[in-house]
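Student: Below is one structure. I have some questions about it.
The values are calculated or read from the model by the stated rules, or taken from the named source; none is laboratory data. Since this is a predicted model, take the numbers as computed values, not measurements. Positions of Cβ are backbone-derived with ideal geometry, glycine not excepted, and every protein chain shown enters the neighbour counts.
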Amino acid sequence: MKPSLLGLCALALAFAGVCRAQDGSSPEVIQPPVAGSGAETQPAVASSPIEITKRFYQNLFTWQAVSATLPAATIEQLHGWPAEWGKSDAGFGKRAASLFGQFVIGNAIEDGVRAIHPQNTMYHRLGEGGFFKRFGHVAVRTVVAAKPGGGYEPAYSRLANAYGAWAIATLWSPDEYRTPGSIAKWGTAGVGAMAISNLAREFWPDLKRLFRKK
């Protein structure tokens, strides 16, 4: 199988998974809070070690894991990045395994930080208003989390996920990426990927209704 065809098949599978997840099968897809319910500012409760372990294993087998791995692996494969891994099927396997490892490690780091410093990082759709208003909501809610007792603060657990996962991924990446600058660059790219995921959560229900009308 040619690398490009392999990548396109993986991308198609990932797209189907994203659509499936956004249809509500994923617990991360949060609908707009009911007015006056305080859903966005609900207290952040620390998870027990048992709950963290259970969630860790559950995250290994979700469409979220697929959507966090295959699209990026496909793009890297088509661009041949990193070059040391080549463009063969084996290279695609390395890229997919690397990204899946980052997904698993990142989630473990995020859960660990939340256990020490409770935060509510779940995304709540705005679901109304113009595009730029909703886009701003997505951008802010990607890097901000609800804190215990009300109010907001930087989403430390989510940021630790993005930067920590890449920092550990440098252990199996080519030597040129094992630098603080690389961790800062690709950790920021990880935050951007989270924002894109939240953007899909914000607008997918609208697109689905539009498709149904047509």
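Student: Would a scan of the range 93-102 turn up a residue that is of a type in the set (Gly, Ala, Ser), surrounded by 20 or more Cβ atoms within 10 Å (Cβ to Cβ) and either closer than 12 Å to Ser157 by Cα or without any contact (Cβ under 8 Å) to a residue 40 or more places away in the chain (or both)?
Tutor: Checked against the condition, which is being of a type in the set (Gly, Ala, Ser), surrounded by 20 or more Cβ atoms within 10 Å (Cβ to Cβ) and either closer than 12 Å to Ser157 by Cα or without any contact (Cβ under 8 Å) to a residue 40 or more places away in the chain (or both), the range 93-102 yields no hits at all.
Student: Please verify whether Trp172 is touching a helix residue (DSSP H, G or I) at 6+ places or on another chain (Cβ under 8 Å), not hydroxyl-bearing (Ser, Thr, Tyr) and not in a helix (DSSP H, G or I), treating the condition exactly as stated.
Tutor: yes
Student: Of everything in the range 79-114, what is over 19 Å from the mean Cα position of the chain (by Cα), part of a helix (DSSP H, G or I) and modelled with pLDDT of 90 or more? Give them in sequence order.
Tutor: Ala83, Glu84, Trp85, Ala90, Gly91, Phe92, Gly93, Lys94
Student: Go through the residues of the range 171-183 one by one and say whether even a single one is in contact with a Leu (Cβ under 7 Å, 6 or more places away or on another chain), of a type in the set (Lys, Arg) and more than 23 Å from Pro118 (Cβ to Cβ).
Tutor: There is no residue in the range 171-183 that is in contact with a Leu (Cβ under 7 Å, 6 or more places away or on another chain), of a type in the set (Lys, Arg) and more than 23 Å from Pro118 (Cβ to Cβ).
Student: Kindly indicate whether any position in the range 172-183 is under 16 Å from Ile109 (Cα atoms), surrounded by 15 or more Cβ atoms within 10 Å (Cβ to Cβ) and touching a residue at least 60 places away in the same chain (Cβ under 8 Å).
Tutor: Within the range 172-183 (the criterion being under 16 Å from Ile109 (Cα atoms), surrounded by 15 or more Cβ atoms within 10 Å (Cβ to Cβ) and touching a residue at least 60 places away in the same chain (Cβ under 8 Å)), the answer is no, since none of the residues qualifies.
Student: While we're here: If we scan the range 190-201, do we find a residue that is touching an Asp or Glu at 6+ places or on another chain (Cβ under 9 Å), modelled with pLDDT under 90 and small (Gly, Ala, Ser)?
Tutor: Yes, some residue in the range 190-201 is touching an Asp or Glu at 6+ places or on another chain (Cβ under 9 Å), modelled with pLDDT under 90 and small (Gly, Ala, Ser).
Student: Among the candidates Arg134, Arg141, Arg158, which residue alone is assigned to a helix (DSSP H, G or I), touching a residue at least 60 places away in the same chain (Cβ under 8 Å) and charged (D, E, K, R)?
Tutor: Arg134
Student: With respect to the numbered conditions (1) touching a helix residue (DSSP H, G or I) at 6+ places or on another chain (Cβ under 9 Å); (2) at pLDDT below 90; (3) surrounded by 12 or more Cβ atoms within 10 Å (Cβ to Cβ), which one is the sole condition not fulfilled by Pro148?
Tutor: Going through (1) touching a helix residue (DSSP H, G or I) at 6+ places or on another chain (Cβ under 9 Å); (2) at pLDDT below 90; (3) surrounded by 12 or more Cβ atoms within 10 Å (Cβ to Cβ) one by one, Pro148 breaks only (1).
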